[in-house]
Amino acid sequence: MNLKANSYRLRQDILDIIYRAKTGHIGGDFSVTDILNVLYNKVMNITPENFGSVDRDHFVLSKGHAVEALYAVLCQKGFFPREDLLTVSQYGSKYIGHPNNKVNGIEMNSGSLGHGLSVAIGMALAGKMDKRDYRVYVVMGDGELAEGSVWEGAMAGGHYKLDNLCAVIDRNHLQISGTTEYVMNQESQEERWATFGWHVISVNGNDVDALEKAFEEAKTVKGKPTMIVANTTKGCGVSFMANQAGWHHRVPTAEEYEQGMAELKAKEMAANE
Amino acid sequence: MNKIANKQVICEVLMEKAKEDKDVVVLCSDSRGSSSLTPYADTYPEQFVEVGIAEQSLVSISAGLARCGKKPYAASPACFLSTRSMEQAKVDCAYSHMNVKLIGVSGGISYGALGMTHHSATDIADMASIPGMRVYLPSDRFQTRKLMEALYEDTDPAYVRVGRNAVEDVYTEDNCPFEMDKATVLGEGTDVAIIACGEMVKPAVDAMEMLKKEGISAGVLDMYCVKPLDTAAVIKAAEKAKAVIVIEEHTRIGGLGSMVAQVLAENCPRKMRSLGLPDAPVIAGKSQEVFDYYHLNADGIVAAAHELLK
């Protein structure tokens, strides 16, 4: 699979989902797309066939508002039929605006920030206790880092030396009220996590090759959990959405949809060449 | 007088289960001593997780363990477990439907003189209002054992509250009738039905005997299963009686009294009194001193019965 082209393919699906549903968190979806693309298509051992087993990798989307990106990836992986995406956020649908484990492929419900890291720590501890060789992945947002519970998990992950755990911060520098540095300073994440006993890798989180390399490096680390600080662009992929806090959860107009779709298609084609 | 606290019985049961089942895991938040779980932690260190003073991760980590096949029991003082980690109980346990058993120890006003920070006078309301979360307050050590054995067998989340100190026995080792999610009928009365949970069951039984001596026919329901409430038992007891008294170690807002009142109003209206703690920080004192101050004792129940039957 051409991962780079696929990221733009997935963004088209996300744009479709949100435009149709008239709701969603497009900015964070687009910043996290490359991370989910690489995890599901290159790094993690999670398939519709093995999903019912404990003996496979595990994933928690702690920044649950980026669920549309997860829907796009899971659908492409065959966890549910494409027509299910037509029901996202519609009356009575299980495909709601945050992860819900009634949906095939989703393990844990999220939506309230600051839960996923500690949930993932429980999964990693279970793996250690049972001497299973699965790995656990969790993706957080950077605004989410203001939640105190994140740092309870940071402590426990370092304390228990969970080298089967790899966390990712989608470091797009924007949250609903503005930049993270304006709302609550989140600089120096590398130092913060290193102090808590984590192996830290800082990468361009919209570069699929760099991400893949970082996840491979994490697999080799012993005696420490890994934190990948994925430096991303909110709204990445569509020129007028990039780096705009206003696109946190704005729904595109018909014109914006067409323009965004055209840009993403062109980028997908270019990546395929 | 019995010297074994209900929380010690929980430790005994968990040690028995852990010996047979490597998936049993106990988690504490620097609370192994207060939870009487030190023997467990010492005997089964591989099946014990210490998270430090961090109730939020205590509950989230438990949920993650459950997701990967473990049977976690998160034990922490009820005051912190029911409020500091309430959202983790709601989202990671109940909403995600994980097999996590939350064990709230030293509940109610067990820590009498330590102030409102250490009282869990709202835990029934807090936990019972979460969809999918069950709430149990066993009355004595024999029932606590039966309850823990039953909870081990199921895979749904639940919150269990026990007190700090040993409480007088209600049952005996040989005579402790128990059916999961069914109130235990400790007596049937045609004048007054007393419905109690947790440490208030014993004074309810004492009050029943006192009332009988006065010629007043009283019955008692041990409603250890606060949620799911045994509504059939409430209706049956109320239909027989002229009045209903509910007593609980909990604020009168949103606890067993509120839940019973709802059932009565909808199905079988009866005069009733809901005896509980005030909507205010409670007075300092040992448990019994606090109970006596608020008339949460056999005399208080008898007085309420007299008033209702006037």
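The values are calculated or read from the model by the stated rules, or taken from the named source; none is laboratory data. Predicted model, so just to flag it, every value in this text is computed and none were measured. Backbone-built Cβ (ideal geometry, glycine too); neighbour counts: all protein chains shown. Each accessible area value is taken on the protein alone, full model and side chains, heavy atoms only, with ligands, DNA and RNA left out. Shrake-Rupley method; radii C 1.70, N 1.55, O 1.52, S 1.80 Å.
Could you list all residues from the range A:93-109 that are touching a helix residue (DSSP H, G or I) at 6+ places or on another chain (Cβ under 8 Å) and at the interface with chain B (Cβ under 7 Å from one of its Cβ atoms)? Correct list: A:107, A:108, A:109.
Condition first: among the charged types (D, E, K, R) and within 8 Å of chain B (Cβ to nearest Cβ). Can you find one or more residues in the range A:145-159 that meet it? Reasoning before the result, please.
First pass over the range A:145-159, keeping only residues among the charged types (D, E, K, R): A:147, A:152.
Filter once more, keeping what is within 8 Å of chain B (Cβ to nearest Cβ): A:152.
Checked against the condition, which is being among the charged types (D, E, K, R) and within 8 Å of chain B (Cβ to nearest Cβ), the range A:145-159 yields at least one hit.
Taken over the range B:1-31, the residue count meeting the criterion of being closer than 26 Å to residue B:84 by Cβ and free of Cβ contacts under 8 Å to residues at least 24 places away in the same chain is 1. If I ask for residues that are crowded, with 20+ Cβ neighbours inside 10 Å and either touching a Pro at 6+ places or on another chain (Cβ under 9 Å) or at positive phi (or both), which ones from the range A:81-117 would you list? Of everything in the range A:81-117, those that are crowded, with 20+ Cβ neighbours inside 10 Å and either touching a Pro at 6+ places or on another chain (Cβ under 9 Å) or at positive phi (or both) turn out to be A:105, A:106, A:107, A:108, A:109, A:110, A:114. Only residues that are under 11 Å from the mean Cα position of the chain (by Cα) and either assigned to a loop (DSSP other than H, G, I, E, B) or of a type in the set (Phe, Trp, Tyr) (or both) were counted across the range B:122-152, and they come to 5. Only residues that are assigned to a helix (DSSP H, G or I), more than 14 Å from chain A (Cβ to nearest Cβ), under 18 Å from residue B:28 (Cβ atoms) and hydrophobic (A, V, I, L, M, F, W, C) were counted in the range B:71-118, giving 3.
Filtered by the rule that a residue be open to solvent by less than 40 Å² (accessible area, probe 1.4 Å) and within 22 Å of residue A:169 (Cα to Cα), the range A:42-61 gives A:43, A:44, A:46, A:57, A:58, A:59, A:60, A:61.
Of all residue pairs spaced 6 or more apart or on separate chains, those with beta-carbon atoms under 6 Å, a first member in the range B:34-63 that is at the interface with chain A (Cβ under 7 Å from one of its Cβ atoms) and a second member that is among the charged types (D, E, K, R) are B:52/B:30; B:54/A:152; B:56/A:152; B:57/A:152; B:60/B:92; B:63/B:92. Screening A:64, A:78 for residues that are surrounded by 24 or more Cβ atoms within 10 Å (Cβ to Cβ) and of a type in the set (Gly, Ala, Ser) leaves exactly one candidate, A:64.
Condition check ((1) touching a helix residue (DSSP H, G or I) at 6+ places or on another chain (Cβ under 9 Å); (2) more than 15 Å from residue B:250 (Cα to Cα); (3) at pLDDT 95 or above) across all residues:
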{"position": "B:118", "(1), (2), (3)": "yes, no, yes"}
{"position": "B:121", "(1), (2), (3)": "yes, no, yes"}
{"position": "B:146", "(1), (2), (3)": "no, yes, yes"}
{"position": "B:190", "(1), (2), (3)": "yes, yes, yes"}
{"position": "B:205", "(1), (2), (3)": "yes, yes, yes"}
{"position": "B:226", "(1), (2), (3)": "yes, no, yes"}
{"position": "B:230", "(1), (2), (3)": "no, yes, yes"}
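Do we find that residue A:53 is hydroxyl-bearing (Ser, Thr, Tyr) and closer than 20 Å to residue A:236 by Cβ in this structure? Answer is no for this residue. Among helices (runs of 4 or more DSSP H) entirely within the range B:221-310, having at least 1 residues that are closer than 23 Å to residue B:142 by Cβ and touching a Lys or Arg at 6+ places or on another chain (Cβ under 9 Å) singles out B:231-240, B:287-293, B:298-309.
Checking A:158, A:178, A:197 one by one, the residue that is more than 19 Å from the chain's Cα centre (by Cα), at pLDDT below 95 and farther than 30 Å from residue A:6 by Cβ is A:178 and no other.
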